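Below: one structure, written as structure tokens.
The values are calculated or read from the model by the stated rules, or taken from the named source; none is laboratory data. A quick note: this is a predicted structure, and the numbers were derived from the prediction, not measured. Heads up, the Cβs are rebuilt from the backbone with ideal geometry, glycines too, and the neighbour counts pull from every protein chain shown. In case anyone asks, the SASA skips ligands and DNA or RNA and just uses the protein heavy atoms, side chains included. Shrake-Rupley method; radii C 1.70, N 1.55, O 1.52, S 1.80 Å.
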Amino acid sequence: MTAPPTDSRPVRILLVEDHDMVAEAICLALERSPDLRVVARAASVASALADAVRCEPDVVLMDRRLPDGDGVTAIADLLALLPGVRVLILAAEGSGSVAARVAERGGSGLILKAHGLRELEDAVRRVAAGEMVFSQDVLGDVLQRLTGRTPAPGADLTPREREALGLLAEGRTTAEISEHLGVALNTGRNHVQRVLQKLGARSQLEAVAIARREGLLA
């Protein structure tokens, strides 16, 4: 278990980001503050898990989308390896449902990349101090999702509809989806249509985009 940082010790950060230029910019921004220290950098979930055990950081700052998996899904694995570590997800885009997934899995917050490095520095400090931090863009929505007032888009998809959605994301046609599911073409069309309706999408392309934004696809 990691000990909480003290006034005499900087916050130890494990940065998990697969784009080198982004990672370098974040490192430079964080390390200009004497109370923050990047102790390791990883570019994948697997490397992050190994580095977390080796370096025992206070905060894991993890990109949501990584080459070998989803940063939100990896939160539970990090906490199992290093109880007490704080995990802050960094995302190019976010939604209330994704932020709710972060909280439900034991994460400490979600910050959008578009909000700048100053906000990121502040978020890391607050998370290290025990707070939960979410970008203002998703804060109101995540509170509603966590209290059950607003159902997440796609929450009512059946297992069959989720399978159809996954096939849509692979670029399959309705005929191919029907064949894969082992159903008649009309039944396959009905599955796809219900996916669009439940996601509030006007096209198959928009359905896939919404599903990715809401964390319904890996």
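In table form, for the structure just shown:
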read-out: Yes/no for T158 being at pLDDT 85 or above, out of contact with any strand residue (DSSP E or B) (no Cβ under 8 Å at 6 or more places or on another chain) and hydroxyl-bearing (S, T, Y); value: yes
read-out: Filter result (open to solvent by less than 80 Å² (accessible area, probe 1.4 Å) and over 18 Å from L157 (Cα atoms)) within region 184-193; value: A184, L185
read-out: Answer from A209, A201 - the residue that is under 28 Å from G69 (Cβ atoms), assigned to a helix (DSSP H, G or I), among the hydrophobic types (A, V, I, L, M, F, W, C) and under 29 Å from the mean Cα position of the chain (by Cα); value: A209
read-out: Contacts under 9 angstrom Cβ, first residue in region 150-178 being closer than 20 Å to R202 by Cβ and in a loop (DSSP other than H, G, I, E, B), partner open to solvent by 70 Å² or more (accessible area, probe 1.4 Å) and at pLDDT below 90, 6 or more apart; value: P153/R213; L157/R194
read-out: Filtered residue count, region 36-60, keeping only those that are of a type in the set (D, E, K, R), in contact with a Pro (Cβ under 6 Å, 6 or more places away or on another chain) and open to solvent by less than 60 Å² (accessible area, probe 1.4 Å); value: 1
read-out: Options E131, E170, E121; residue that is surrounded by fewer than 20 Cβ atoms within 10 Å (Cβ to Cβ), modelled with pLDDT of 85 or more and in contact with a helix residue (DSSP H, G or I) (Cβ under 8 Å, 6 or more places away or on another chain); value: E121
read-out: Pair list, Cβ < 9 Å and 6+ apart or interchain, from region 15-29 residues that are closer than 20 Å to P57 by Cα and free of Cβ contacts under 8 Å to residues at least 12 places away in the same chain to residues that are open to solvent by 50 Å² or more (accessible area, probe 1.4 Å) and assigned to a helix (DSSP H, G or I); value: L28/L117
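Yes/no matrix, rows are residues, columns are (1) over 25 Å from L217 (Cα atoms); (2) of a type in the set (G, A, S):
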{"position": "V16", "(1), (2)": "no, no"}
{"position": "R37", "(1), (2)": "yes, no"}
{"position": "S44", "(1), (2)": "no, yes"}
{"position": "A91", "(1), (2)": "no, yes"}
{"position": "G107", "(1), (2)": "no, yes"}
{"position": "L110", "(1), (2)": "no, no"}
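Okay, residues lined up against (1) open to solvent by 30 Å² or more (accessible area, probe 1.4 Å); (2) modelled with pLDDT of 90 or more; (3) of a type outside the set (S, T, N, Q):
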{"site": "L81", "(1), (2), (3)": "yes, yes, yes"}
{"site": "E104", "(1), (2), (3)": "yes, no, yes"}
{"site": "D141", "(1), (2), (3)": "yes, no, yes"}
{"site": "T147", "(1), (2), (3)": "yes, no, no"}
